[in-house]
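The values are calculated or read from the model by the stated rules, or taken from the named source; none is laboratory data. The shown structure was predicted, so the numbers you read here are calculated from the model rather than taken from an experiment. Methodologically, a virtual Cβ is constructed for each residue, glycine included, from the backbone with ideal geometry; neighbour enumeration extends over all protein chains shown.
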Amino acid sequence: MPGFENGHFVGPTIFDHVKPGMSVGDCEIFGPVTCIKRVKDFEEGLAIMNGSRFANGSCIFTQNGYFAREFVHRTHGGMVGVNVGIPVPVSYFPFAGHKDSFFGDLHVMGRDGVAFYTESKCVTSRWFSEEDKKETKISTWEGTITRK
């Protein structure tokens, strides 16, 4: 990256075909990085995800209500997204990481700061109309807050 030849910049990065045992897929990393783990079906994907010692957030992209409900109920993630890439996009939703993704005595925001003995999930869902599915451009607007 021009101007950052000696480091201090990580551009958007995609790791594809990530396998079990690869540290990039087994460790909790932060930044503009995504790891793609290819699986044969829903059950294998859920098992790999739930087998991790981390459970900050988890997302599924589907138009199938059955798999959306199964995912919400069975994922170990503390923040859950259905057709939402970042399951907690704004600050007024509670941060609810689970497993080794949890830190401190309390969750960071929301009612979880008081009721820290509960294991809650914050589910954010988005469903697409038939017209939406025909769009060729992806909007950055996800619709959580109403525009005027």
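So that you can scan it fast, the table gives a plain yes or no per residue for (1) in a loop (DSSP other than H, G, I, E, B); (2) without any contact (Cβ under 8 Å) to a residue 60 or more places away in the chain; (3) closer than 20 Å to N83 by Cβ:
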residue	(1), (2), (3)
F4	yes, yes, no
P20	yes, yes, no
F30	yes, yes, no
T34	no, yes, yes
L46	no, yes, yes
S52	yes, yes, no
T62	yes, yes, yes
F67	no, yes, yes
* State which residue pairs qualify: first residue closer than 9 Å to T124 by Cβ and touching a residue at least 24 places away in the same chain (Cβ under 8 Å) and inside segment 71-83, second residue buried (at least 17 other Cβ atoms within 10 Å of the Cβ) and among the aromatic types (F, W, Y) in any location, beta carbons under 9 Å apart, and separation of 6 or more residues or different chains. => M79/F95; V80/F71; V82/F71
* Identify all residues within segment 28-44 that are surrounded by fewer than 12 Cβ atoms within 10 Å (Cβ to Cβ) and not aliphatic (A, V, I, L, M); write none if there are none. => F30, G31, P32, R38, K40, D41, E43
* **Unique residue being closer than 15 Å to K99 by Cα and of a type in the set (G, A, S) when the list is S23, S52** => S52
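Sort through N83, N50, N56, N64 and tell me the only one that's surrounded by 11 or more Cβ atoms within 10 Å (Cβ to Cβ) and more than 16 Å from the chain's Cα centre (by Cα). Working first, answer last.
On the way: N83 fails: more than 16 Å from the chain's Cα centre (by Cα); N50 fails: more than 16 Å from the chain's Cα centre (by Cα); N56 fails: more than 16 Å from the chain's Cα centre (by Cα).
Result of the check over N83, N50, N56, N64: N64.
This table checks each residue for (1) of a type outside the set (A, V, I, L, M, F, W, C); (2) closer than 17 Å to E28 by Cα; (3) modelled with pLDDT of 85 or more; (4) touching a strand residue (DSSP E or B) at 6+ places or on another chain (Cβ under 6 Å).
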position: K40; (1), (2), (3), (4): yes, no, yes, no
position: N56; (1), (2), (3), (4): yes, yes, no, no
position: F61; (1), (2), (3), (4): no, no, yes, no
position: Y66; (1), (2), (3), (4): yes, no, yes, no
position: V80; (1), (2), (3), (4): no, yes, yes, yes
position: F93; (1), (2), (3), (4): no, no, no, yes
position: H98; (1), (2), (3), (4): yes, yes, no, yes
position: S101; (1), (2), (3), (4): yes, yes, no, yes
